[in-house]
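This report concerns only the one structure given below.
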Number of protein chains: 2
Amino acid sequence: MPAYQRIAAAYRSQIMSGELRPEDRLPTEHEIADRFGVVRQTVRTGLGILVTEGLIVARRPHGYFVRRREHMVYRPQEKSRPRPASPEMDRFSQQIVDEGRTPHQAIEVSLVQAAPDLAERLGIAAGETVVARRRVRFINGEPVNINDSHFPIELVKDSEIMSPAYLPRGTDQVLADLGYRQDRAIDEIFIRMPTPEEIHRLSLGPGTPVAAHYDTGYTAAGTPVQCTVNVLPGDRHKIVFERHWQGEPAG
Amino acid sequence: MPAYQRIAAAYRSQIMSGELRPEDRLPTEHEIADRFGVVRQTVRTGLGILVTEGLIVARRPHGYFVRRREHMVYRPQEKSRPRPASPEMDRFSQQIVDEGRTPHQAIEVSLVQAAPDLAERLGIAAGETVVARRRVRFINGEPVNINDSHFPIELVKDSEIMSPAYLPRGTDQVLADLGYRQDRAIDEIFIRMPTPEEIHRLSLGPGTPVAAHYDTGYTAAGTPVQCTVNVLPGDRHKIVFERHWQGEPAG
DNA sequence: ACATCTACATTGTCTAGTCAATGTAGATGT
DNA sequence: ACATCTACATTGACTAGACAATGTAGATGT
């Protein structure tokens, strides 16, 4: 086994076993190099593996630290339930306040050309104009996820959706008022590494995979009216839903 | 911007834009080094980023190639629907055959001590013995996902679940016959980088994140009777489910 | 025709350094 | 007391090489 893999394995097992705990500091590259009898570059290769695995982070000039991970719960199913009591808050903000934390979001509205993946889901041609309501959600000042909603422009031009203000009613309700009430949605979740843009918007450290959750809403007539892309950093979320059995198991 | 990032950005954009397509070959490290006026090591750092992003793979001694990705559909909701017609095949195999491909699975039964995460979900103490039915599922000879089911040993000792044979009825049915019929399940999905063991069992390339799907089943009495861990490589799956609206939107 | 060997190009691992960037703690000055 | 500067330890970026490992294609032998 190459030296750099031995180094990675050594500290990985210390972290996994709990011997090294979150926020603990690792030895310096120099110390590790001496300990394993290799040069610093080899140590860097080995620790680089743990960085891309999301187990440690480097804080210059302090050293390497074991990464902390606590998951916030993400419930895709809740979206098709009636809204909570206070209409001035969306479900995300409500949940955060319930947990005693401070939410905050920055909304930005723009007209963009639909990328192929979006166009397909919205049933339009690639390159056609869509309205994008892009927002990054923050908790206690730290970004936690991306929520970019997209609407075909014919459906929403002249409506409130074009305004970058926060819509207490929620965009689903605005769409319903415009005559496009959704009664069905398809959810698709992809697991991948983030793009540089996502890394920037979410201040992601290296080694953080994301879930890309595409939520496409349809009217009763089967017309897609919105497609929302949620980008959830893996180190900050877990996705939760419940099932109840349908039909009787035979026997 | 550092040279290695410029290199990564250059080839990333060529891949994203479609200029470089799946299976296309990149220039050799040497050529890239000459082109950007840096040494080979710097090129390796840059290409290393794209490898960990899952965009390219290195095939020695042939060079770097743009990675292909095609997603197989994973439907967690289907699990709580009645089973398909042919009782000798489970849902996974049925789906694969429908797609004209050849499924195959290797089942291995063992007694293990419950890790803390499992113990918590099964409502037992960490370290207690559980029965693990571990299996890797293959399509056309290639591993696609891990499906490890865990049962408290008191519930299933002396039952067929202890046998490493394939159970046409399915373990849920066996549990039901033992008096532990599930009528509710909680699904939790975590996004993370794979462990070395998962990399080995699934033959994962570097830069492949996974979804870990914990499916915990409960009887009507609220007792957890099984916890299944599905590990889905991000480059081979998308998770899909559907929602239908409950309750009437006001207005 | 067939098997076997060999040269080769390419990536993989590693050494031994240099200089830059960065946040902190302690020294210094007023 | 307070602000400012400076030295320092640490990680980040990079150079210039060496040798190993690995499939393949072509040469060679029978």
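The values are calculated or read from the model by the stated rules, or taken from the named source; none is laboratory data. Since we're looking at a predicted model, the values are computed, not measured. Note that each Cβ is placed from the backbone with ideal geometry, even for glycine, and that neighbours are counted across all protein chains shown. These accessible areas exclude ligands, DNA and RNA; they are computed on the full protein's heavy atoms, side chains included. Shrake-Rupley method; radii C 1.70, N 1.55, O 1.52, S 1.80 Å.
Tell me yes or no: at least one residue of region B:57-64 is away from chain A (no Cβ under 12 Å), open to solvent by less than 40 Å² (accessible area, probe 1.4 Å) and under 22 Å from the mean Cα position of the chain (by Cα). Looking through region B:57-64, at least one residue is away from chain A (no Cβ under 12 Å), open to solvent by less than 40 Å² (accessible area, probe 1.4 Å) and under 22 Å from the mean Cα position of the chain (by Cα). Consider residue A:21 carefully, then state whether it is open to solvent by 40 Å² or more (accessible area, probe 1.4 Å), basic (Lys, Arg), at pLDDT 90 or above and more than 16 Å from DNA strand C (Cβ to nearest atom). Answer is yes for this residue. Scanning region B:193-218 for residues that are assigned to a strand (DSSP E or B) and open to solvent by less than 20 Å² (accessible area, probe 1.4 Å) yields a count of 7.
Taken over region A:24-56, residues that are within 14 Å of chain B (Cβ to nearest Cβ) and either within 28 Å of residue A:237 (Cβ to Cβ) or away from DNA strand C (no atom under 15 Å from the Cβ) (or both) amount to 10. The residue that is farthest from the chain's Cα centre (by Cα), among those in region A:158-173 that are away from chain B (no Cβ under 13 Å) and open to solvent by 30 Å² or more (accessible area, probe 1.4 Å), is A:158. Which of the residues belonging to region B:1-44 are under 17 Å from residue B:56 (Cα atoms), in contact with a Gly (Cβ under 9 Å, 6 or more places away or on another chain), among the hydrophobic types (A, V, I, L, M, F, W, C) and not in a loop (DSSP other than H, G, I, E, B)? B:7, B:8, B:9, B:10, B:32 - these are the residues of region B:1-44 that are under 17 Å from residue B:56 (Cα atoms), in contact with a Gly (Cβ under 9 Å, 6 or more places away or on another chain), among the hydrophobic types (A, V, I, L, M, F, W, C) and not in a loop (DSSP other than H, G, I, E, B).
Within region B:231-245, being outside any strand (DSSP E or B) and more than 7 Å from chain A (Cβ to nearest Cβ) holds for B:235, B:236. Only one entry in B:146, B:189, B:199 is within 9 Å of chain A (Cβ to nearest Cβ) and under 11 Å from the mean Cα position of the chain (by Cα), namely B:189.
Here residue B:127 passes the criteria (1) at pLDDT 90 or above; (2) over 30 Å from residue B:71 (Cβ atoms); (3) open to solvent by less than 70 Å² (accessible area, probe 1.4 Å) except the one numbered (1).
Does residue B:147 meet the test of being surrounded by 15 or more Cβ atoms within 10 Å (Cβ to Cβ) and of a type outside the set (A, V, I, L, M)? Here the answer is yes, as residue B:147 does meet what is asked.
Candidates are the residues of region A:174-186 that are surrounded by 20 or more Cβ atoms within 10 Å (Cβ to Cβ) and within 24 Å of the chain's Cα centre (by Cα); the one that is farthest from the other protein chains (Cβ to nearest Cβ) is A:182.
If you go through region B:55-77 and pick out every residue that is within 16 Å of DNA strand D (Cβ to nearest atom) and part of a strand (DSSP E or B), you end up with 6.
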